Structures are given as structure tokens and as C-alpha cells.
There are 2 protein chains.
Amino acid sequence: MRHGELIDVVGFDADDTLWRSQESFDAAEAMFFELVGPYTPEGVDLADSLRAIELDRVPLSGYGVKAFGLSMVEAAVTATSGRVPSSVLGAIVDHVHDMLRQPVELLPGVPEALAAVSATHRIVLITKGDLVHQTRKVRTSGLEHLFERVGVVLEKDVSTYGRLLDEWSIDPSRFAMVGNSVRSDVLPLIELGGWGVHVPYHSTWEHELVADPEHHFDTLDSIADVAAWLAAEHRH
Amino acid sequence: MRHGELIDVVGFDADDTLWRSQESFDAAEAMFFELVGPYTPEGVDLADSLRAIELDRVPLSGYGVKAFGLSMVEAAVTATSGRVPSSVLGAIVDHVHDMLRQPVELLPGVPEALAAVSATHRIVLITKGDLVHQTRKVRTSGLEHLFERVGVVLEKDVSTYGRLLDEWSIDPSRFAMVGNSVRSDVLPLIELGGWGVHVPYHSTWEHELVADPEHHFDTLDSIADVAAWLAAEHRH
């Protein structure tokens, strides 16, 4: 049997699967180090401070640009013992608002890949992060009309996927999730009896770490290959 | 016919319907004025500046505590022309994290009222704001188990309610929404052919402004009266 006959609905992750995201955080961090570095005393590791504050805040403020902005302000004040000028903190907050406003940059081949899959299957989008920002990206991407459902969630774990698929009346065993993260986009679905299709953003190879006796997990080179994967015979 | 026979599912708003919320924002604003006021030049209206920045940012950053925190930092730097010390901005961000961590304070009679309604009807929660913060409040409230569904949305408008009720397979004409805002909790439901139950947080009287020929809109003194409303005869 072909994968496509075993699957009714295909879910897509968004950040770094449909459009670029990580680069924008990396650029903001670079700006942060450039602006705040000059006020940081010798011996203080600014990157460590930011990382620790971010990790500490995630359970309270979540992932996403606004939480990252608040963490940058806090890290700047903490790591410089208040020596950083407030104008620098204003510039950091400005940059965060710029990030929220940045146009979406689709990854190569995405519109064609989604069009091909949506010609044979119902498709949905499931993304983690800031509700306003993710909603804005979906709306401005020009792709929203293709998705039957859009879910913005706090964590991409088994219970969240389970709840969402239940709300959407989708049978997990007939659902495949496509995304760049094995941990967030593949493993929870395998656990739910569904399917995971890993499309790495950078060349990574994480497949070998996952127990997958049913062969419900595949890694593809590009999102453009999803339609071909659906048309391919299941190896089991 | 009784309201309860015409209605299958009752939705509840959360902030200032189930638990206190506005006071926490008011207190944060008072702290902001106290901390930033001394650095604000004469002739500059700090409250105006904060309000204008908040309004300007809502489409990008949404409602909720994190967006409010970023707006406070930006307003402090702008209104003082950068004279505010960065330690004050650090204190503002700290306060925002405290707000995210604050225990939920239920309004009087809420657990009993929800238990009474959930004994006869399916209930759901629909709230606007920050995804992490709202989810945390629902989870820590001890009330989550009563709700069949929990939706955190960007805007409480006709299209959002329509989409959510569709996702949850709820017929709008058999759905009543209970909340403290006529604009957010009543009007969109009336427009969808559903029901609106207004439980004002402060004594307000907005009912007279709303066209409601079908008598699908009532105002109650307290959330404790919702069960009695369901048991009452429909006037139409």
C-alpha cells in the first residue's frame, strides 16, 4: 500500500520548515552582543547570562519573539550590573518589534510542495511559538487558504498533538506530520501511532536514534519530496 | 422552552469573568508611573505615551502581559528621551515576569457556578491574550478538568468564534457565551445566531445599545446566576 492510501491528513510545521526563522533569532542575538558587549565587565559571559535567563523564563513566558525580547532586556541589565544605557534597551525592544514585522521568507519550493500535497490530501499547519506572531506569518504567507486548520501550540508533545487531532477529528494513525525537528515533529506522532516525515533544515541525521519498527518515520531531502513520499509504497 | 433546552454548550470567558485580571495590569501601570515618572521631563505625558505605544503595537504584539511589558520599556525610553536608568527597565521586566507567575485569584462563587452549569451542560473556555500565560492560568486554576475544550485566541470576533465552534463541532445556534464584555463575549455570538450572557465585572449597563430582537442576550448580576438562567423559560 502507498503511504498516501494509509494517510488522510498531512500536517506541516512552519518555522524552518515552510519559512526561515532561526536566522532571525541568530541575527537578533548578534545585535544584542554588539550593543551590550561594550558595557559588559571583563569576566562576565554575556552569552551564558542570556542563555540562562532564557531557559529560566521559558516555562513562564514560552518560546517566541516577545519572550526572547524580555529575556534580552533582563540579561543586558543583569550582565552589565545596570551599566547598559537605557537607549540600548530601547533599541533591543525596537528590534523585537521589527522581528514581529519582518516579512515571511518562504523556503525554496514550499508553495509548489504544498500545492502538490493538498491536491491529494487535506493539510493542516501546527506550529509552536507566539500566537500573534505565528498567526501573522500564516496570514501574510499567502498559504493560509491551503490549510484546513491552523494550530498554534505551546509545546509540540504527545498530549498536545493528541488533544489537537482529537479537536480536529483526525485519526492519529492516519495522520503524517512533516517538519524539521525529529523531537517536535516526528517522535510525538510515532508515539501516537501516526507518521513522521523529517525534512532537516540543515543537514542533520537524527533518524538512527529513533526506534521505528513500523517504519512510520522517514527523512527526506526536501519538502518538495513529500508528494513523492505519499505516492511511494510503504515498506512494512 | 427553557434556555437550557435550547442550548447544548456553554462557553466561559476567563479574565475578569472567572478570575481577576484587570487589577494586575492597573497595578503594573501604577508601578510604571512611579518608577519612570521621576525621569520624565515636565510637559511630557507619560500615560499618553504608554497608551499610544500600546495601541500602535497591538496589531504586532497582541494583548497580554509580555506585549504590555515590551510597550512599557519602549514608552519609558521614549518619554524620558533615554534618561531612565536601565535598572528601572530591568525592574519593569522583573515585574512582568512576576505578573506571569502570579497565582490565579478566582472571583467569588466561580467554582460552584461552573460545577452547577457543568452538571447539566458541556462547558468550554474561550479566552483572549497570551498563549503561555492563559494556559498557565487555566492549568493552575484547578478548573481545567471541567472544560471540554480550552481555546486561547487573538481576537474575540465573529470569524474567530465561527472558526473555533466549527473546529469543535459546536452548533453556534445552540451555544451560549458567558463573559464580562458585551463587545467580546456577547455581540459576536448574537451575530452568529447564538446566545450571549453578560456578567459585568464592574456595574455597567451596556445592554441597551444592542439590537436583540430574538432575546438571545441577557445580563446577570453574577456568574452564580448562570445555572438559574439556563433553567429559566426563554421569553421569545
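Name the most mobile residue of B:H133, B:H216, B:H202, meaning the one with the largest mean-square fluctuation, in a Gaussian network model of chain B with Cα contacts below 10 Å. Maximum among the listed residues: B:H202.
Placing +1 on each Lys and Arg Cβ and -1 on each Asp and Glu Cβ, with no other charges, gives chain B a dipole about its Cα centre of roughly 660 debye.
The angle separating the long axis of helix B:110-120 from the principal Cα axis of greatest extent in chain B is about 30 degrees. Charging the Cβ of each Asp and Glu at -1 and of each Lys and Arg at +1, and nothing else, the dipole of region B:22-101 about its Cα centre rounds to 280 debye.
To the nearest 20 debye, what charge dipole does region A:106-236 have about its Cα centre, counting +1 at the Cβ of each Lys and Arg and -1 at the Cβ of each Asp and Glu? Could the numbers behind the result be given before it?
Details: 11 positive and 19 negative charges, 106 e Å.
It comes to approximately 500 debye.
Near B:H234, the amide H atoms lying under 5 Å from its own belong to B:R2, B:H3; only residues 5 or more places off or on other chains count, and H is placed 1.01 Å from N. May I ask you to list the residues of region A:57-81 whose amide nitrogen lies under 19 Å from a point 7 Å from Cα along the Cα→beta-carbon direction of A:D45? Output list for this probe position: A:57, A:72, A:75-81. Selection among B:V77, B:L46, B:F33 by position relative to the dipole of region B:12-102 gives B:V77 as farthest towards the positive end (Cβ unit charges, Cα centre).
A straight Cα-to-Cα reach below 22 Å connects B:K156 with the lysines A:K66, A:K128, A:K137, B:K66, B:K128, B:K137, residues fewer than 8 places away in its own chain not being considered. Restricting attention to chain B, close to 10% of DSSP beta bridges with both partner residues there are antiparallel. Amide H contacts of A:R149 (H built 1.01 Å from N, in plane; Pro and chain starts excluded): A:L125 sit under 5 Å, all sequence-distant by 5 or more or on other chains. Helix A:86-101 versus the longest principal axis of chain A: what angle, 0 to 90°, nearest 10, using Cα atoms? It is inclined by approximately 20 degrees.
Dividing the radius of gyration of the alpha carbons in chain A by their Kirkwood radius gives 1.04 for Rg/Rh.
Shape of the protein assembly as shown from the C-alpha gyration tensor: oblate (a/c of 1.5 or more and a/b not above b/c, with a ≥ b ≥ c the square roots of its eigenvalues).
Just to confirm the number: angle between the C-alpha axis of helix B:22-36 and the first principal axis of chain B, 0 to 90 degrees, nearest 10? On a 0 to 90 degree scale, this one is about 10.
Mean 1/r over all different Cα pairs, inverted: what Kirkwood radius does region A:22-101 give, in Å? Could the numbers behind the result be given before it?
Details: mean 1/r = 0.0801 Å⁻¹.
This gives a value of 12.5 Å.
Each reported figure results from applying straightforward, stated rules to the coordinates on display, with no laboratory input. Computed from a prediction, not measured in an experiment: that's the story for all the values here. Cβ sites come from the backbone with ideal geometry, for glycine too, and all protein chains shown count toward neighbours.
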